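All remarks here apply to the structure that follows.
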Amino acid sequence: MISTRAPLPEGLRTVDEALHRTRFRILPFLGPAFIACVAYIDPGNFATNVAGGSKFGYTLVWVIVAANLLAMLIQTLSAKLGIATGRNLAEVARERLPRRVTFGLWLQAEAIAMATDLAEFLGAAIGFQLLFGFGLFPSAVLTGVAAFLILGLQRYGFRPLEAVIAALVGVIGVCYVAELAFAHPDYGAVLHHAVVPQFGGEEGVLLAVGILGATVMPHVIYLHSALTQDRLVPETDEDAKTLLRYTRIDVMIAMTIAGLINVAMLVMAASTFFRSGRTDVDSLDGAHRTLEPILGGASSTLFALALLASGLSSSAVGTLSGQVVMQGFVRRRIPVAVRRLVTMLPAFAVIAVGIDPSRTLVISQVVLSFGIPFALIPLVIFTSRRDVMGALVNRRVTTVAASLIAAVIVSLNVFLLLQTAGLGV
């Protein structure tokens, strides 16, 4: 199956060439997961983690840990689909599913992409506002300009874009390492709550589902399969297995970094706000204002800088994901600049109407969690079929684990709906 692919496009390397190109064999395989991991540390994560940490202390740390472990498996499956088929998840769904089902999946994927873009764009705009003191509207304009500049790197190939995204992830990580140095968390309590599941009440369930939606991102499930499908092309089944092995390493490194940053976000909020009795800090600008008198001006600046880096990087990745969804499901492609321009409009509308942007971020993450099954269930089905995956078909234990993950996510969302409707027990 692998050997029936079309000839390699100009500029692409085979797996064998990549292995012998450098002394550090892993380097040519790193990159796709780092782009994907940006979606796991976007402004929605800031909003849900700050709200969760300030309201419930370290109680919800386990949600982040569990969600990150789920994300490692999900992103590996997504990457594996691209390696095995040479197609992304949306393309495989279009080829394998009934037309009406495909159309429905496309509509919900576009709705999820809109919620994603809204969160990421608003987050970057808030970052500019907090860092430089601009109004929210001028900050949104600056965000748009910066997003276009980052996306423009595509014309120079995938490596410059990957390098910029990795650098922005590094900025976020450094900022939060410094934040923790200011906050002095109780690491014993953090470790306890990392392994002991608790919710802390109905609001805790809402935030837990929001954290899940902010961590396991449906749009990046589509994107990761596209990032690996043509980057390094295996010519044999053995090449495919080698590529998958190194891809797993890429995923583990990138997702571990993203997971640690997420934990640091919640721990910082818990150590700073919850411990001082400020359980009402549920907005990004409130967190920024409160950090300065508690920890000093440097901490609030680091928070704003991390938020800005998160918003800019995830906004670019969200736009790329939208392209993958549209091209895969309906075979239509619009210029990236046009798509970026269109997806800015909801964020500008929120700003113009005066809706609380931080609350909008939290709600958008809950919306995202409802989109996870519609990407995850087809992914599990396709990767468990030998006629689709060939030599890279899932082992039975992998399929069972992924199926259980999908069932848990669906159950959490149903429970949240019942609670929201007042029908919960």
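The values are calculated or read from the model by the stated rules, or taken from the named source; none is laboratory data. A quick note: this is a predicted structure, and the numbers were derived from the prediction, not measured. All Cβ positions, glycine included, derive from the backbone under ideal geometry; neighbour counts span all protein chains shown.
Points to keep in mind about this one:
- Residue in the range 235-260 that is nearest to the chain's Cα centre (by Cα), counting only those that are assigned to a helix (DSSP H, G or I) and of a type in the set (S, T, N, Q): Thr256
- Put simply, of Phe134, Phe182 the only residue that is more than 20 Å from the chain's Cα centre (by Cα), more than 27 Å from Met326 (Cα to Cα) and touching a residue at least 60 places away in the same chain (Cβ under 8 Å) is Phe182.
- Pairs linking a residue in the range 245-264 that is in contact (Cβ under 8 Å) with a residue 12 or more places away in the chain to a residue that is surrounded by 23 or more Cβ atoms within 10 Å (Cβ to Cβ) and of a type in the set (Gly, Ala, Ser), with Cβ atoms under 6 Å and 6 or more positions apart or on different chains, are Thr247/Ala79; Asp250/Ala33; Val251/Ala33; Ala254/Ala33; Met255/Ala71.
- Subset of the range 36-66 [surrounded by fewer than 24 Cβ atoms within 10 Å (Cβ to Cβ), assigned to a helix (DSSP H, G or I) and not charged (D, E, K, R)]: Trp62, Val65, Ala66
- The lone criterion from (1) closer than 23 Å to Ala67 by Cβ; (2) surrounded by 21 or more Cβ atoms within 10 Å (Cβ to Cβ) left unmet by Leu392 is number (1).
- Ser321 vs. criteria within 16 Å of the chain's Cα centre (by Cα) and under 28 Å from Ala167 (Cα atoms): yes
- Unmet criterion (only one of (1) aromatic (Phe, Trp, Tyr); (2) surrounded by fewer than 24 Cβ atoms within 10 Å (Cβ to Cβ); (3) within 18 Å of Ser139 (Cα to Cα)) for Phe274: (3)
- When the range 302-320 is filtered for residues that are in contact with a Leu (Cβ under 7 Å, 6 or more places away or on another chain) and at pLDDT 85 or above, the ones remaining, listed by number, are Phe303, Ala304, Leu305, Leu307, Leu308, Ala309, Leu312, Ser313.
- Long-range neighbours under 9 Å by Cβ, at least six apart or interchain, first residue in contact (Cβ under 8 Å) with a residue 60 or more places away in the chain within the range 274-290, second part of a loop (DSSP other than H, G, I, E, B) and among the hydrophobic types (A, V, I, L, M, F, W, C): Phe274/Val281; Ala287/Val281
- Test: residue in the range 332-355 that is in a helix (DSSP H, G or I), without any contact (Cβ under 8 Å) to a residue 40 or more places away in the chain and crowded, with 24+ Cβ neighbours inside 10 Å: no
- Residue list for the range 45-64, filter: touching a Gly at 6+ places or on another chain (Cβ under 7 Å) and closer than 12 Å to Gly123 by Cβ: Phe46, Thr48
- Residues located in the range 277-289, provided they are assigned to a helix (DSSP H, G or I) and crowded, with 21+ Cβ neighbours inside 10 Å: Leu284, Ala287, His288
- Close Cβ contacts (under 6 Å, 6 or more residues apart or on different chains) running from residues in the range 292-314 that are closer than 16 Å to Phe34 by Cα to residues that are of a type in the set (Val, Ile, Thr) comprise Ala309/Val171; Ala309/Ile172; Ser310/Ile41; Ser310/Ile172; Ser313/Val38; Ser313/Ile165; Ser314/Val38.
- Among residues of the range 74-92, those that are out of contact with any Cys (no Cβ under 9 Å at 6 or more places or on another chain) and under 18 Å from Ala401 (Cβ atoms), counted: 7
- A residue that is among the polar types (S, T, N, Q), modelled with pLDDT of 85 or more, surrounded by fewer than 18 Cβ atoms within 10 Å (Cβ to Cβ) and part of a helix (DSSP H, G or I) can be found somewhere in the range 107-116.
- For first residues located in the range 393-413 and in contact (Cβ under 8 Å) with a residue 40 or more places away in the chain and in a helix (DSSP H, G or I), partners that are surrounded by 13 or more Cβ atoms within 10 Å (Cβ to Cβ) and aromatic (Phe, Trp, Tyr) and lie 6+ apart or on another chain with Cβ distances below 7 Å form the pairs Asn413/Phe370.
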